[in-house]
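The values are calculated or read from the model by the stated rules, or taken from the named source; none is laboratory data. Remember, it's a predicted structure, so these values are computed and weren't measured experimentally. Cβ coordinates were reconstructed from backbone atoms using ideal geometry, including for glycine residues, and neighbour counts include every protein chain displayed.
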Amino acid sequence: MSEPLTTPGEGFHPHLGDHAGDSATPLRARLHHIRADELDGDTAQSAGMRRFAAISGKTVGSERLWMGQTHVAPSTASSNHHHGESETAIHVVSGHPEFVFLEDSGGTPEEVRLRTSPGDYIFLPPFVPHREENPDPTEEAVVVIARSSQEAIVVNLPHLYVLGREED
């Protein structure tokens, strides 16, 4: 019998390439376990927040999905940005982050502020300009993000605008 590929109690962790002569298993032919302390901070960033990749093309070879965490410091707002063609789903883990965008359902652009709590979800359609804010003076806000692309697309903007009315 060959050497076990896992350490008892640690889940599925093949030791790829640890032994001479082993051919590396393709990234998309195995499960991946990314520990909380293994998140990748080398991602696209916006001022006022820190993004960490867990699942991405770079970390696990994903082709249509990116997932990770964003941390927003106390009393901080991100820069205005959008996430290109990616659909984005957000789950609030801690804190009370606010998501700000412009809407013009009444004919005049107005700022909309979605105030969230732990356990809440937010959906961001592609290209919608927004920013995240953490108004709490002492508690960091942490959210888990999933995107419909393999990387964290971030397009920083000088200001918010209503999607489809970029020239305003």
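Among strands (runs of 3 or more DSSP E) entirely within segment 56-157, having at least 3 residues that are crowded, with 17+ Cβ neighbours inside 10 Å and either basic (Lys, Arg) or touching a residue at least 60 places away in the same chain (Cβ under 8 Å) (or both) singles out 66-72, 131-134, 141-147. For segment 144-162, the set of residues classified as over 14 Å from the mean Cα position of the chain (by Cα) and either more than 19 Å from ASP104 (Cβ to Cβ) or not hydroxyl-bearing (Ser, Thr, Tyr) (or both) consists of ASN156, LEU157, PRO158, HIS159, LEU160, VAL162, listed by residue number. With respect to (1) modelled with pLDDT of 70 or more; (2) out of contact with any His (no Cβ under 6 Å at 6 or more places or on another chain), the lone exception for LEU27 is condition (1).
Out of curiosity, is SER79 farther than 19 Å from ASP120 by Cβ and touching a Gly at 6+ places or on another chain (Cβ under 7 Å)? So SER79 passes the test. Taking segment 139-164 as the range and being at pLDDT below 85 and under 11 Å from VAL128 (Cα atoms) as the test, only GLY164 passes.
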